[in-house]
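Heads up: the structure comes next, in structure tokens.
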Ligand code: SAH
């Protein structure tokens, strides 16, 4: 799955296949930019500070975030922009909007120092492992010649105890490894990371690997590299590995509550006031799409992984 997805992002415009929060409303990136500025103040205003984004897509979130960060001039002046992106074609799109950035293939390429990291719909693109509960034990689902092949194995980690025969348990090994490294880093060097993504609050058995091709659900194994592959993020597992590394974990909280606490609606209404009626209605609808529980407000969640010496970051206090 890792290779198929890298090939997909390198050769396709993923935004033809799905729409993400920063593409829905400029307010999303603006609020995350202000989140970063306030968190930076809580860190004691380190100068310089690395502002990084994992999987920046078209660069929209970061362009909106930087515009908002301009409201806190010392933060805007202190930040050094770093982007973690594997796709050469998306890097080119990002470079048009964020010419001052430095690019890396992996988080390990970031320079040392105080870090603020943002990632929207990044973790769901990382590869997962799947295990199936058989009548007589467990099998890992391997992919061979475009088909799933069950390979007998020991009981998997995760929600294995709750799985009934025939059920799938997923294990987001890559996301967990990334979060463990990140957590150790913010504890040792200072910093905070904010991830927004979709997934349940509690780990549970279930099949969530999903492929989208041309905007429609597709067979995840057909045309590897031609479809976008995603899986639910197991927030509880990520919170566990981050705590084990000594970091403070905030959330997950539903995206609707998180964005509302940061001021999604007043900001959207303020923008709407200067717009013709149609654009004004679109701005309010976009805010509702991000925050309404039945739309993106509940399935999407925010999770922060912080240096334990920092105050609770914005959006996570009840
Ligand atoms: N954050 C953007 C894009 C989400 S799509 C938005 O909200 O619109 C996922 C992004 O992660 C793309 O930019 C994709 O190229 C990048 N990506 C996927 N797998 C990656 C990996 N293993 N390392 C770095 N970037 C990756």
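The values are calculated or read from the model by the stated rules, or taken from the named source; none is laboratory data. Model, not experiment: these values are computed from the prediction. All Cβ positions, even for glycine, are placed from backbone atoms using ideal geometry, and neighbour counts span all protein chains on display.
Computed quantities for the displayed model
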item	result
Subset of region 159-196 (residues that are on the phi > 0 side of the Ramachandran plot and surrounded by fewer than 20 Cβ atoms within 10 Å (Cβ to Cβ))	166, 190
Residue among 50, 84 that is more than 12 Å from the ligand (Cβ to nearest atom), buried (at least 19 other Cβ atoms within 10 Å of the Cβ) and within 15 Å of residue 117 (Cα to Cα)	50
Residue match in region 57-75 (condition: without any contact (Cβ under 8 Å) to a residue 12 or more places away in the chain, at negative phi and assigned to a loop (DSSP other than H, G, I, E, B))	yes
Filter result for the condition that a residue is buried (at least 16 other Cβ atoms within 10 Å of the Cβ) and within 30 Å of residue 147 (Cβ to Cβ), over 234, 307, 226, 219	234
Listing of strands (runs of 3 or more DSSP E) fully contained in region 135-200 that carry 3 or more residues being in contact with a helix residue (DSSP H, G or I) (Cβ under 8 Å, 6 or more places away or on another chain)	191-198
Qualifying residue in region 54-62 (condition: more than 9 Å from the ligand (Cβ to nearest atom) and either surrounded by fewer than 21 Cβ atoms within 10 Å (Cβ to Cβ) or farther than 26 Å from residue 289 by Cβ (or both))	no
Qualifying positions in region 105-134 - within 13 Å of the ligand (Cβ to nearest atom), surrounded by fewer than 21 Cβ atoms within 10 Å (Cβ to Cβ) and either in a helix (DSSP H, G or I) or free of Cβ contacts under 8 Å to residues at least 40 places away in the same chain (or both)	105, 106, 107, 108, 109
Candidates 191, 256, 251, 206, filtered to the one that is in contact (Cβ under 8 Å) with a residue 12 or more places away in the chain and within 27 Å of residue 9 (Cα to Cα)	206
Residues of region 160-207 classified as within 22 Å of residue 294 (Cα to Cα) and within 16 Å of the ligand (Cβ to nearest atom), total	5
Residue in region 36-52 that is over 18 Å from the mean Cα position of the chain (by Cα), farther than 25 Å from residue 181 by Cα and either outside any strand (DSSP E or B) or free of Cβ contacts under 8 Å to residues at least 12 places away in the same chain (or both) present	no
Test set (1) at pLDDT 95 or above; (2) touching a strand residue (DSSP E or B) at 6+ places or on another chain (Cβ under 6 Å); (3) more than 9 Å from the ligand (Cβ to nearest atom) - residue 30 fails condition number	(2)
Qualifying residue in region 219-227 (condition: in contact (Cβ under 8 Å) with a residue 60 or more places away in the chain, more than 16 Å from the ligand (Cβ to nearest atom), under 19 Å from residue 121 (Cβ atoms) and out of contact with any strand residue (DSSP E or B) (no Cβ under 6 Å at 6 or more places or on another chain))	no
